Amino acid sequence: MATKKKAKTPAAGTSRKPAKQLNGNGSSGRASPLAEARDTARLLLEIEAIHCRPDNPYIFTSGRASPVYIDCRKLISYPEARTKIMAHALKAIDRDIGWSKIDVVAGGETAGIPFAAFLAALAKKPMIYVRKQPKGFGRMAQIEGDLKPGKRVLLVEDLATDGGSKLVFIEALKKAEAKVTDCFVIFHYGIFPQSIEMLAAGGVKLHALATWWDALEAAERHKYFDERGLTETRAFLEAPEKWSASHGGRPPAPRSLMGR
């Protein structure tokens, strides 16, 4: 296994290029200089939400192979880590968007719902959630909660890869006459430009606390990955399609990477 328990003595930090900002949060090519990004990555590693397995790659629904995998849903079971990360999120959203510009917090079914609820409670904002498709009975509702036309809505999800599922939620919100200009996630892969381009085409900016670059830096600094894990993860982040193809993955269908 390339994922290891945290060592007592952290590794010395390595010099890195300054991060190129991505919609005010995260980075397009290297780890973010922001303290909350580094701490979020460390906390996700600490609760073992991040896994590294280069000798037996993870195969995603897109067909792509990856040496690393993240399960942000695990965070809801760890109150201390959750509290810290939600505090980082509250601060980041205020800095990059402004809570005064947000009327309602929306969670995407299902992983985004708890994080939207946590943030709505902290920010004292109304909360709704959006289904992937309308219910097949009753009101046939796709949006649950009270959403008035013209409200400024922040879509919250746990994770973004290619941004595909975000478009489904955004379309439903806009159909309900909501104003959606921003989407916030705990973790953004940060290596697939499609995730930014697809949302930007719909007038929506993607904001994230941390990316795989932040996770890699934290894994190296705090010794969560062994040397092979660090090497293979870095190779994947630098050239994900090439790494996937050489490790049993297959090319994803057009406009369909991992679907999130």
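Total residues in the range 99-123 satisfying the condition of being small (Gly, Ala, Ser), open to solvent by less than 10 Å² (accessible area, probe 1.4 Å) and touching a residue at least 24 places away in the same chain (Cβ under 8 Å): the figure is 6. Only one entry in Gly248, Gly229, Gly203 is surrounded by fewer than 20 Cβ atoms within 10 Å (Cβ to Cβ) and farther than 20 Å from Asp96 by Cα, namely Gly248.
Condition check ((1) at pLDDT 95 or above; (2) within 19 Å of the chain's Cα centre (by Cα); (3) aliphatic (A, V, I, L, M)) across all residues:
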position: Gly108; (1), (2), (3): yes, yes, no
position: Phe115; (1), (2), (3): yes, yes, no
position: Ala120; (1), (2), (3): yes, yes, yes
position: Lys124; (1), (2), (3): yes, no, no
position: Arg139; (1), (2), (3): no, no, no
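Scan the range 31-61 for residues that are in a loop (DSSP other than H, G, I, E, B), more than 20 Å from Asp162 (Cα to Cα) and out of contact with any Leu (no Cβ under 9 Å at 6 or more places or on another chain) and jot them down. The answer is Pro33, Glu48, Arg53, Pro54, Asp55, Asn56.
Quick one: is Phe192 modelled with pLDDT under 95 and open to solvent by 70 Å² or more (accessible area, probe 1.4 Å)?
The answer is no for Phe192.
Condition (residue is touching a residue at least 24 places away in the same chain (Cβ under 8 Å), more than 20 Å from Thr40 (Cα to Cα) and under 14 Å from the mean Cα position of the chain (by Cα)) applied to the range 146-163: is it met by at least one residue? Checking the range 146-163: at least one residue is touching a residue at least 24 places away in the same chain (Cβ under 8 Å), more than 20 Å from Thr40 (Cα to Cα) and under 14 Å from the mean Cα position of the chain (by Cα).
Of all the criteria given as (1) closer than 19 Å to Glu232 by Cβ; (2) open to solvent by less than 70 Å² (accessible area, probe 1.4 Å); (3) in contact with a Lys or Arg (Cβ under 8 Å, 6 or more places away or on another chain), the one not satisfied by Tyr69 is (2). Against the list (1) touching a strand residue (DSSP E or B) at 6+ places or on another chain (Cβ under 6 Å); (2) under 26 Å from Asn56 (Cβ atoms), the condition Ile191 fails is (1).
In the set (1) of a type in the set (A, V, I, L, M, F, W, C); (2) closer than 26 Å to Arg38 by Cβ; (3) surrounded by 20 or more Cβ atoms within 10 Å (Cβ to Cβ); (4) out of contact with any His (no Cβ under 9 Å at 6 or more places or on another chain), the condition left unmet by Ile76 is number (3). Conditions first: (1) out of contact with any strand residue (DSSP E or B) (no Cβ under 9 Å at 6 or more places or on another chain); (2) surrounded by 14 or more Cβ atoms within 10 Å (Cβ to Cβ); (3) at pLDDT 95 or above. Asp96 passes all but one, so which condition is the exception? Looking at each condition in turn, Asp96 falls short on (1).
Residues in the range 49-66 that are surrounded by fewer than 20 Cβ atoms within 10 Å (Cβ to Cβ) and without any contact (Cβ under 8 Å) to a residue 40 or more places away in the chain were compared, and the one that is nearest to Gly249 (Cα to Cα) is Tyr58.
The values are calculated or read from the model by the stated rules, or taken from the named source; none is laboratory data. Note that the structure is a prediction, hence the values are computed from the model and not measured. Methodologically, a virtual Cβ is constructed for each residue, glycine included, from the backbone with ideal geometry; neighbour enumeration extends over all protein chains shown. Accessible surface is based on the protein model in full, side chains and every heavy atom, while ligands, DNA and RNA are left aside. Shrake-Rupley method; radii C 1.70, N 1.55, O 1.52, S 1.80 Å.
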